[in-house]
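For reference, the structure is listed below as structure tokens.
Only the coordinates and a few stated rules stand behind these numbers; no lab work does. As the structure is a prediction and not an experimental result, all values here were calculated from the model. Positions of Cβ are generated from backbone atoms using ideal geometry, with glycine treated the same way; all protein chains shown enter the neighbour counts.
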Amino acid sequence: MGGLCERCLAEGLITPGVIVHHKIHLTPELACDPAVALSYDNLELLCWHHHEEEHKGRMKKRFEVDNAGRVIARD
């Protein structure tokens, strides 16, 4: 798709894609299955907006950055 967000492109918008999204979401079990984790048919390039929209409320942040710039693992 030339580095563009595939969903924006379908809407007639030109927006850079910044993250590869797995259409079938990866679980610990599926992450080890190359037919799911690496299949081109299961991947799409998205902008931040569409990726956040896709995962809204479902993804927990595993890390955060404190005011001093240190990465802290979340429980």
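Descriptive notes on the structure:
- Annotation for region 1-35: GluC sites (Glu not before Pro) lying in DSSP loop with at most 16 further Cβ atoms inside 10 Å of their Cβ are 11, 29.
- Overall Cα dimensions of region 6-73 - principal axes, largest extent first, Å: 40, 33, 19
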